[in-house]
Amino acid sequence: MGRLFGTDGVRGRANDGLTAELALDLSVAAAHVLGETGELGRNPVALVGRDPRASGEFLEAAVVAGLASAGVDVVRLGVVPTPGVAWLVGHRGADLGVMLSASHNPMPDNGIKFFARGGAKLDDRLEDAIEARMGEAWQRPTGAGVGRITEDQEPVEEYIAHLVTSLGVDDEDAISLAGLTVVVDGANGAAYRTAPCSLEVQGATVIPIHCSPDGLNINDNCGSTHLGDLQAAVREHGADLGVAVDGDADRCLCVDADGNVVDGDQILAVLALAMKEAGTLAHDTVVATVMSNLGFLNAMRDAGITVKQAKVGDRYVLEEMKAGGYVLGGEQSGHVIQSRYATTGDGVLTALHLAARIATTSKSLAELAGVVQRLPQVLINVADVDKSRAASDPAVTAAVSRVTDELGDTGRVLLRPSGTEDLVRVMVEAATEQRAREIGEQLAAVVRTALAK
């Protein structure tokens, strides 16, 4: 059996691989590992949130039962974004948090994410400790030792207040979004209230779409992975920008007034330049991933901003941020972490700060995002190969070296073994998409032959 935890918690098809029994056992083990940080003389406290998908209802019941049976007091937050759970754990001093969501995955899937005290995602060591303690014999508390369960009636309001405060609402020069028209695609997910309300509170005119979850329609041709409806709505209403979050709202992608997509690299560049200008970009450095577009790297270089590149995955971006004391990082997919206000990627927070930049500069999103001249990027997955030899095989390394020399500063090539599958990802950036694809297919053929099992 492989490792239970993936790159972002435990995920699977609800009531198939991800069952109520597994959720209960996992929660008991998490209580034993994460609950040990609790203060003496009281039960540990856990906050539990979920996105609106139907399976979250029975999985939440299993998680809550497991935690309470292990002596943890549980506060049920109901439907709230993942970054909201993370922030509330830290803000309230809870000992752990749990979010039930499969993020951008289709409705039949679900997942369980844990947060440690302070609201941070778990590192591999803690995940391994939880997995190791599943199914172990344990002393069950009885009587007053069992956990109590309560429901929080206003977690979303508390979280929205935190989000808008990040724009300086307590100051006389608070940033107003009055005059901006924003289309918000809530993905029929966890931020169906949070996203539109946060922008409205700051004065924006908000046109919500896909903000009516019914438990079955989350991510259904909507949200950050399906931008067609958002593009059409922005053009129809003459909006200044469109914002799309995913099912649990830890990421955000945008479209400009003409309906053109603004990706995570461009959003990160806009925010980095704003923070450098304000003197709040620590060490004049931003953290991205190895998959960030060369156009982003060039734009940051020209602006005098250093880019640190981490492995793909927001948890690795955050690790690099913590190690270097940096305050801004993100991914092309729209995960943007602003560590002054959040412990994880936060799509609504990102949207607010992007809208604020438009408001304070009186520039369009297209003009702001235009600082990044994206190079066409082609990604080819080469399956059924020995990925362990991708970095050492002479034929592969020679081919990569040849293409790198040929491209010079006009493109880039990257080979990355998959973390979960027997495949190697070949990524090529070049002046034109046709050229990038030609090079990508040539390299893929070399990888396929040289790394054949």
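The values are calculated or read from the model by the stated rules, or taken from the named source; none is laboratory data. Predicted model, so just to flag it, every value in this text is computed and none were measured. Every residue, glycine as well, gets a Cβ built from its backbone with ideal geometry; the counts of neighbours run over all protein chains shown. Just so you know, the surface numbers come from the protein's heavy atoms only, side chains and all, with ligands and any DNA or RNA stripped out. Shrake-Rupley method; radii C 1.70, N 1.55, O 1.52, S 1.80 Å.
When the accessible area of the stretch 240-351 is computed with all protein chains present and a 1.4 Å probe, what percentage of it is carbon and sulfur? Could the numbers behind the result be given before it?
Values: 1520 of 3260 Å².
That fraction is 47 percent.
Enumerate the amide H contacts of I209 below 5 Å, restricted to partners 5 or more residues apart or on another chain; note that Pro and chain-start residues carry no placed amide H.
V184, D185, G186
So what are the ³J(HN,Hα) numbers for the stretch 143-148, from phi and the Karplus equation (6.51, -1.76, 1.60; θ = phi - 60°), rounded to whole Hz, Gly and Pro as x?
x, 6, x, 6, x, 9
Under 8 Å for C-alpha pairs, at least 6 residues apart: give me the relative contact order for the chain, rounded to a whole percent.
Working: 1009 pairs, mean separation 54.6, N = 453.
The value is 12 percent.
Based on alpha-carbon centroids, what's the gap between the stretch 177-219 and the stretch 56-108 in Å, whole number please?
22
Which one, V372, T397, V413, is farthest towards the positive end of the dipole of the stretch 372-423 when Lys and Arg carry +1 and Asp and Glu -1 on their Cβ?
Going by the Cα projections, it comes out as V372.
Amide H of Q309 versus every other amide H placed in the peptide plane: which residues, excluding those fewer than 5 positions away on the same chain, fall under 5 Å?
Those qualifying (amide H under 5 Å, at least 5 residues apart or on another chain) are A288.
With all protein chains present, calculate the accessible area of C197 using a 1.4 Å probe and round the result to the nearest 10 Å².
Ignoring ligands and nucleic acids, C197 comes out at about 50 Å².
Measuring with a 1.4 Å probe in the full set of protein chains, what accessible area per residue, in whole Å², belongs to the chain?
Value for the chain: 41 Å² per residue.
Check which residues have an amide H placed less than 5 Å from R251's amide H, if you skip close sequence neighbours.
D246, G347
Just tell me which lysines come within less than 26 Å, Cα to Cα, of K121; anything on the same chain fewer than 8 places away is out.
K113, K308, K311, K322
For the stretch 381-453, which whole percent of the accessible surface, found with a 1.4 angstrom probe, sits on carbon and sulfur atoms? All intermediate terms of the calculation are to be shown ahead of the outcome.
Values: 1960 of 3890 Å².
The C+S portion of the solvent-accessible surface of the stretch 381-453 is 50 percent.
Going by average Cβ neighbours within 10 Å, how do the peptides 278-288, 57-67 rank, with the highest at the top?
57-67, 278-288
Helix-derived [θ] at 222 nm for the chain: sum -39500 (n - 2.57) over DSSP H runs of at least 4, divide by residue count, nearest 500?
Helix contribution divided over all residues of the chain: -11500 deg cm²/dmol.
Could you tell me whether the stretch 301-453 comes out rounded, prolate or oblate from its Cα gyration tensor? Rule is a ≥ b ≥ c as square roots of the eigenvalues, rounded for a/c under 1.5, then prolate if a/b exceeds b/c, otherwise oblate.
Prolate.
If packing is taken as the average number of other Cβ atoms within 10 Å across a peptide's residues, how do 422-435, 179-192 rank, most packed first? Before the final figure, lay out the partial values.
Details: 422-435: 18.9, 179-192: 27.7.
Going from most to least packed, we get 179-192, 422-435.
Under 14 Å from the Cα of K387, which aspartates and glutamates turn up, not counting those fewer than eight places away in the same chain?
Filter leaves E421, D422.
Label the stretch 93-155 by shape, choosing from rounded, prolate and oblate, from the square roots a ≥ b ≥ c of the eigenvalues of the Cα gyration tensor; if a/c is under 1.5 it is rounded, and otherwise prolate applies when a/b is larger than b/c, oblate when it is not. Walk me through the numbers on the way to the answer.
Numbers: a/c = 1.63, a/b = 1.20, b/c = 1.36.
Oblate, because a/c is 1.5 or more while a/b does not exceed b/c.
By its C-alpha gyration tensor, with a ≥ b ≥ c as the square roots of the eigenvalues, how is the stretch 53-185 shaped: rounded for a/c under 1.5, else prolate for a/b larger than b/c, else oblate?
Verdict is prolate for the stretch 53-185.
So, with +1 on the Cβ of K and R and -1 on the Cβ of D and E, and no other charges, what is the size of the charge dipole of the chain about its Cα centre, to the nearest 20 debye?
With Lys and Arg at +1 and Asp and Glu at -1, about 920 debye.
Can you compute the modelled spin-label distance between S176 and H283, with each label point 7 Å from Cα toward Cβ, in nm?
3.9
Hey, can you rank 219-232, 107-120, 401-414 by average C-beta count inside 10 Å, highest first?
107-120, 219-232, 401-414
Hey, got the dipole for the stretch 172-328? About the Cα centre, +1 on K and R Cβ, -1 on D and E Cβ, debye to the nearest 20?
460
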